[in-house]
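The values are calculated or read from the model by the stated rules, or taken from the named source; none is laboratory data. Fair warning: this is a prediction, and the values are worked out from it, not measured in the lab. Neighbour counts run over all protein chains shown; Cβ positions are idealised from the backbone, glycine included. Heads up: the accessible areas ignore ligands, DNA and RNA and are worked out on the full protein's heavy atoms, side chains in. Shrake-Rupley method; radii C 1.70, N 1.55, O 1.52, S 1.80 Å.
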Amino acid sequence: MSRKQFIVVLAVLVVLGAAGAAVILSDRAAWTDAESRAGRRLVPELRISEIAGIALADAADGLHLVKGKDGWVVRERADFPADTDRIGELLVKLAELKIVQRESLPESQRARLQLVEPSDKDTKDAGTRLELKDGRGTVLARLLLGKKVLKSAPESALARGEPEATGRYVTFNGEAATLLVVSDPLTQAETQAAQWIQKELIRVDRSRSISATGGDGKPRWAVARNSESVDWRFTDSAAKPDLQKATDLASALYWINAVDVVADPAKGDTGLGHPVVVKASTFDGLTYTLRIGNKIGDDYYLRVSVAGEPPRARIPAKGEKAEDRAKKDKEFDEGRKKLLERLGREKRLEGWTYLVAGSALAPLLRERTQLMPEKKAARKR
């Protein structure tokens with residue numbers, strides 16, 4: 001080999017070596033980048049206090065949760081108050097969400113992982129888009145949520161549909177070519193507005209009297225009691241209702257929860273123009289009115305209102321000792337304060353129309369005859 005040929009071969013080897021080293025360094029850099037992201041928070045600088053809007057959308061629904069001066073509301077439900085506990089849980093999870101895995105995402109694999117944008121034409125494999133916004137409407141973070149990552153489980157559990165979700169496939173801030181696996185399935189990120197409303201409407205505690213009037217304006221029944229320690233009685237006769245059925249009336253009023261809020265009641269046949277009216281007065285000086293309309297599916301249309309004010313002062317018991325008075329007065333003042341807070345919240349709920357489970361209202365919709373004790377069958381001789 002001549003000197004010239006040797007130099008050429010040496011130069012080629014140097015070039016090939018440099019190219020190989022570049023490839024190795026490139027692969028190592030990519031590996032290091034992926035590894036450095038694993039375990040990190042997805043949105044490291046997310047501040048929950050700055051979030052004033054949450055937008056969720058999938059192929060079927062869209063949802064907007066907005067934080068205003070009176071708190072969070074659901075825009076799709078006529079700005080009805082939202083479930084702040086559910087919102088808080090979602091935001092904490094998003095703030096702490098960690099990346100478990102990162103890799104490239106070919107376009108051919110997006111449908112399989114349900115990482116297709118819900119606004120695209122083919123929505124069969126669409127994911128759920130989640131946007132966090134500040135008070136000016138600026139998007140702080142944008143996620144596309146795909147399939148949940150399921151924990152390996154025995155075949156018997158899989159057959160029963162019980163595999164546990166441990167994470168979720170996502171893309172972040174529009175980077176559609178990068179697949180991320182995060183550490184939580186984010187099951188709270190649902191687009192159905194009914195899942196986000198505040199469910200508790202009213203709580204009628206310590207009922208003193210309850211009455212019902214039919215849609216025709218005719219009284220159905222009325223029961224009352226003089227104290228919480230005595231049985232219920234009909235107010236218009238000496239007859240007594242069945243003790244358990246009368247107790248069911250008070251129990252039904254103790255928790256009135258919404259299934260959903262009717263955003264535009266004018267569009268439906270609510271029947272609230274001629275409702276069944278149930279009124280309940282309490283030993284605390286409050287009067288609740290429920291207007292029950294037509295049934296739709298398993299639920300009834302409902303509107304609620306509350307009036308009155310708790311007593312301002314406590315009436316001391318006969319023979320009450322002076323040393324007990326200060327303690328009982330303090331307990332009365334604290335109880336009244338809590339009652340006024342609840343009353344204020346309940347008053348704010350008077351402007352909406354609700355759907356309430358029929359099973360919850362069933363005791364209140366009984367006729368008078370259905371409140372009477374059942375007649376015992378005569379013994380055969």
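Below, the figures for the structure above:
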| quantity | calculated |
| --- | --- |
| Rg/Rg_ref, segment 86-243, where Rg_ref = 2.2 N^0.38 Å and atoms are Cα | 1.76 |
| Residue-wise HN-Hα coupling along segment 223-228, computed from phi with Karplus coefficients 6.51, -1.76, 1.60 (Hz; x: Gly, Pro) | 10, 7, 8, 7, 8, 6 |
| For segment 288-331 versus segment 216-257, the gap between their alpha-carbon centres in whole angstrom | 16 |
| Nearest-ten-degree value, helix 243-254 long axis tilted from longest Cα axis of the chain | 50 |
| Net charge, TYR254 excluded, C-beta distance under 14 Å - Lys, Arg +1, Asp, Glu -1 | -2 |
| Rounded to 10°, Cα long-axis angle of helix 84-96 versus longest principal axis of the chain | 20 |
| Helix-only mean residue ellipticity at 222 nm for the chain, each DSSP H run of n ≥ 4 adding -39500 (n - 2.57), per residue, nearest 500 | -8500 deg cm²/dmol |
| GNM flexibility winner over the chain from GLY335, GLY68, GLY268 (Cα, springs under 10 Å) | GLY335 |
| Over the chain, relative contact order from alpha-carbon pairs under 8 Å, at least 6 apart, % | 13 |
| Average projected area [Cα convex hull, segment 323-381], square nanometres | 10.1 |
| Pairwise centroid distance, computed over Cα atoms, of segment 95-142 with segment 199-215, Å | 46 |
| Set LYS67/LYS148; LYS245/LYS295; LYS240/LYS328; LYS133/LYS267; LYS240/LYS295 screened for pairs whose C-alpha atoms are more than 26 Å apart | LYS67/LYS148; LYS240/LYS328; LYS133/LYS267; LYS240/LYS295 |
| Equivalent ellipsoid dimensions for segment 196-292 as semi-axes, Å, which come from the Cα gyration tensor, largest first | 27, 17, 10 |
| Residue of SER251, SER237, SER281 that the Gaussian network model of the chain assigns the largest fluctuation, springs spanning Cα pairs under 10 Å | SER237 |
| Residue pairs, from the table LYS199/LYS337; LYS69/LYS347; LYS218/LYS279; LYS279/LYS347, whose Cα atoms sit over 21 Å apart | LYS199/LYS337 |
| ASP216 accessible area, assembled protein chains, probe 1.4 Å, Å² | 110 |
| Probe 1.4 Å, protein heavy atoms only - accessible area per residue of the chain in square angstrom | 60 |
| With all protein chains modelled, accessible area of GLU367 [1.4 Å, Å²] | 80 |
| Accessible surface of the chain [probe 1.4 Å, protein heavy atoms]: carbon and sulfur percent | 51 |
| Helix axis angle, 3-37 relative to the chain longest principal axis, alpha carbon, degrees | 10 |
| Rg [Å, one decimal], Dmax [Å, integer] - the chain, C-alpha atoms | 32.0, 132 |
| Among GLY174, GLY319, GLY273: highest mean-square fluctuation, GNM of the chain, C-alpha pairs under 10 Å | GLY319 |
